[in-house]
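Just so you know, all these numbers are worked out from the coordinates, no wet-lab data involved. Remember, predicted model here, so these are calculated numbers, not experimental data. Every residue, glycine among them, receives a Cβ derived from its backbone with ideal geometry; neighbour counts consider all protein chains shown.
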Amino acid sequence: MPVTDRYRPDPRHADLDDRFYDRVEAARFPQHTLRFRNDRAAARVGLDGLSDDEWITHFGRFEPLPDNLPQPLALRYHGHQFRSYNPDLGDGRGFLFAQVREDGAPDGRLLDLGTKGSGTTPWSRSGDGRLTLKGGVRELLATELLQALGVATSRTFSLIETGEKLWRGDEPSPTRSSVLVRLQHSHIRIGSFQRQAFLRDADALAALMDHVIGLHMPDLAAIDDRLDRTAAFVQRVAENCARTVAQWMAAGFVHGVLNTDNILVTGESFDYGPWRFLPTHDPEFTAAYFDHGGLYAYGRQPDTLMWNLTRLAETLLPLSNRDRLIPALETFPPAFSLALGEAVTRRLGVQPTTPEDDDALVLALFEAMGRTQIPFERPFFDWYGGPASEFRALERSPHAALYAGEPFARFRDLIAGRRPRDGVDLDHPYFADPEPCTLLIDEVEALWAPIASADDWSPLHAKVAAIRRMGEALGNG
Ligand code: AMP
Ligand code: MG
């Protein structure tokens, strides 16, 4: 048995019926070259004992894991894409492969192993069901850095090169192919609910909601009244999304494609296509080249989540009513503010105080970052731990003059009174580095170039190691 005794299969999606998925088969690929296996993530679900050959058998050829789903399931969903409703969505190049409990505990979170690039399904339309190798590398980089920055994100579990030639408008083609496996907290999206509402299947809507509540929000299961339970569900999804979008804002991350089919009910962030990290604080910064109006720009992400959550609430009207759902939705803005204070103080390595004082600190910092256009990551690196880093920021940093100036005056005052968070360790060698670890687009391209030209993976692997070292320094290992 290649799995360890910490492997705990629990394929609960099969509890739902075939209104929610289609049984599919993986593509047969001409080649399987293991490019990345995430043993840190695998250890969380007892799959770290697999040999590379066994790994490829399961995550490249998709032979079922023991006592797990006997066949992959392509999930059915709809969604609003750039605000237009699209009923022609669904897992067109991926499927749910397996479900496992975290930490080998029966009450550990239920995590899904899902794919990207594993072949066509009934939902592929004219697509080829494939993922480019560069797309896989980009998703790996995004997930590693987000995790290291403390963002609730899917993990890139596996990346296998599959030996096909793909044609894409946004990459020099033909381009190399891959299949990626994610480990993530649910695959059920706002769009999963939208599909059932579109089909006017209130029974399926209720079944899906109670499925999610049972798996991910068991405390809500005790609310007998369905009208109230539905409102509590919307409120919980709103809180989950508020936390994640606050973490993106604190990380300087622009997801790029915040369609309702890309938003999970657990709030965990996933599906990384044209993402970018901000060079400097800029609310207008837009990641996707096809987002001409800047709909999903950095500064619009919180409003976008609110818009998406409103679609979820509308969708659930058959199970509740406006009087209950509107107050549930209205919990999003205050939940976001609170979460932003938490996320920014965490990134600064200082203790949170009152929500008002934390808000003031966030405002002072972001205002100064906007006015000075200092590199986004720099203040978090230079001021980590608060006053304990004053010497690093005001004497050592190449940006010391900016910190001493007027735009940062209010921030300097406010951070002076803060205490470091428990566990902050400024002796970690990371904090003596000349530069913080970042991942702007030029570096992403520079990491890809040697893979494309010489099949040289060493810069990529070195970068993943550097990102993990930062994550360790920040307590997000
Ligand atoms: P995304 O923008 O990755 O969230 O995908 C939006 C929709 O397009 C989903 O239904 C995907 O399954 C589908 N899709 C994207 N790329 C492909 C592809 N190469 N082949 C088939 N379906 C795809
Ligand atoms: Mg998607």
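Numbers at a glance
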item	result
Cleavage-rule hits, trypsin sites (Lys or Arg not before Pro), the stretch 1-82, DSSP coil, Cβ neighbours within 10 Å at most 11	R28
Separation of alpha-carbon centers, the stretch 386-405 and the stretch 161-224, rounded to whole Å	45 Å
Protection-proxy order for peptides 299-306, 286-293, 176-183, 101-108, each taking the mean of Cβ atoms within 10 Å per residue, highest first	176-183, 299-306, 286-293, 101-108
Selection from Y7, S192, P352 lying farthest towards where the dipole of the chain points positive, charges on Cβ	S192
Ordering of 370-383, 77-90 by packing [mean C-beta count within 10 Å, highest first]	370-383, 77-90
By average C-beta atoms within 10 angstrom, highest first, the peptides 67-73, 469-475	469-475, 67-73
Total formal charge among the other residues, if their Cβ is under 13 angstrom from that of L65, Lys/Arg +1 and Asp/Glu -1	-2
Computed Rg/Rh of the stretch 308-389, alpha carbon atoms with Kirkwood Rh	1.18
Centre separation in Å (Cα based) which lies between the stretch 30-99 and the stretch 1-28	9 Å
Label point distance in nm, D103-R226, each placed 7 Å from Cα along Cα→Cβ	3.5 nm
Residue-span extension gain [S51 to T4] - 0.36 nm each, minus C-alpha spacing	15.7 nm
The chain, relative contact order [Cα under 8 Å, separation at least 6], %	13 percent
Net lengthening on full extension, T353/R23 (0.36 nm per residue, minus Cα-Cα)	113.8 nm
Computed [θ] at 222 nm, deg cm²/dmol, the chain (DSSP H ≥ 4; -39,500 (n - 2.57); rounded to nearest 500)	-12000 deg cm²/dmol
Of the DSSP H helices in the chain, those whose Cα atoms cover at least 15 Å axially and whose Kyte score averages 0.5 or more	202-216, 332-348, 441-454
Scattering profile of the chain at q = 0.12 Å⁻¹ [log10 I(q)/I(0), Debye over alpha-carbon scatterers]	-1.11
Centre separation in Å (Cα based) which lies between the stretch 417-461 and the stretch 289-357	29 Å
Extension gain from D88 to D203, taking 0.36 nm per residue of separation minus the Cα-Cα distance	39.2 nm
Antiparallel content of DSSP bridges confined to the chain, in %, to 5	95 percent
